[in-house]
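One structure below.
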Amino acid sequence: MTTEKFAEFLAFHLWAVVFVITLGMLVVAGLLWHALQRYGGRLVALAQGVIDRVRPHARRLPIPGAVQSLWQIASGLGIQVLVSLAVAVVACVGFVEIAEDIGVEDDLGRFDVALTEALSWHATEAQLRIFAAVTDLGDKDFLLPLGIVIASFMLFRRRWYLAAAWIVATAGGALANVGLKAIFERSRPEHLHGFASVSGWSFPSGHSSGSFIVYGLLAYLIVIHSKPRFHLPVAAIAMLLIVCVGFSRVVLQVHYFSDVLGGYAFGAAWVAAWIAGLEIFRRRSIQ
């Protein structure tokens, strides 16, 4: 199947594609969450045991002092922090890979153009109207007041460091996205349906990264301050919001598919890095 035919198939079966992808992501997330809840403690204990066994031998090896210092720092951070840092690194690599493949001659770039053209032909007025409403959940006019409300709540509860981290993380993420757009200077796809008006550069998608940062960090804060039975529903709702906002940008043809992928990759790296920092702070405050 050619790229154009595949893109046309996706556009023609839009609702089914959105449903299958969203449901699949939720199922995978649920299975991973279940596995983490059931086996996470064992994996952490196993990894810690390996570290404890290797540490005495590592001290006797002719390893440079800088490497040993890094090893001591890594072993002291904890599994949660190391996993978050690993996610941040992988997401950064993914962002670079996506950015390198968005040219008009690249496979991803050709798919972008084909999918946008197919959607311009097959997306119905009802679909555009629905996704035009969904996309507002990732707009700065919605996320900014939401961020202010959350920061105000944390300040009211005297959670000073969380409020400061929330403000810097969300505002800094938005500014960083603007900077990335200025670096890549990718033009947006053309659209004539009138259901969305946008300006500025296209890559990476600000709606996608913004929703990932705000809803992802909010889900993390809720999870660490709530009972375990609420964790999975909170994570599922956050993922649903992030996925739907990203889909809306593609369906409305105001962003290419790779713009959304790039926004997700940047947002994931940003959120994972901040979670790692917050986990370090939590570990020190508990100790």
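Ordered by the count of other Cβ atoms within 10 Å of each Cβ, fewest first, Asp136, Asp141, Asp107, Asp112 give Asp141, Asp107, Asp136, Asp112. For Lys140, the lysines whose Cα comes closer than 28 Å to its Cα, not counting residues fewer than 8 places off in the same chain, are Lys181.
This ranking places Glu105, Glu279 by how few other beta-carbon atoms lie within 10 Å of each, fewest first, which gives Glu105, Glu279. The phi-based Karplus calculation (6.51 cos²θ - 1.76 cosθ + 1.60; θ = phi - 60°) puts the 3J(HN,Hα) values of the stretch 199-208 at 8, x, 7, 9, 10, x, 5, x, 4, 5 Hz, whole numbers, x for Gly and Pro. Evaluating 6.51 cos²θ - 1.76 cosθ + 1.60 at θ = phi - 60° for every residue in the stretch 6-12, the Karplus couplings come out as 5, 4, 5, 4, 4, 5, 5 Hz, glycine and proline recorded as x. Computed from backbone phi with θ = phi - 60° and the Karplus coefficients 6.51, -1.76 and 1.60, the 3J(HN,Hα) list for the stretch 162-179 is 5, 4, 5, 5, 4, 5, 5, 5, 6, 5, x, x, 5, 5, 5, 5, 4, x Hz; x is used for glycine and proline. Going from the fewest other Cβ atoms within 10 Å to the most, the residues Leu175, Leu162 appear in the order Leu175, Leu162.
Quick one, what does Rg over Rh come out to for the stretch 185-287 if you take C-alpha atoms and the Kirkwood Rh?
1.09
FYI, it's all coordinate maths here, none of it is from the lab. This one's a predicted model, so the numbers in the text were calculated from it and none came from an experiment. No Cβ is skipped: glycine too gets one built from the backbone with ideal geometry, and neighbour counts run over all protein chains shown.
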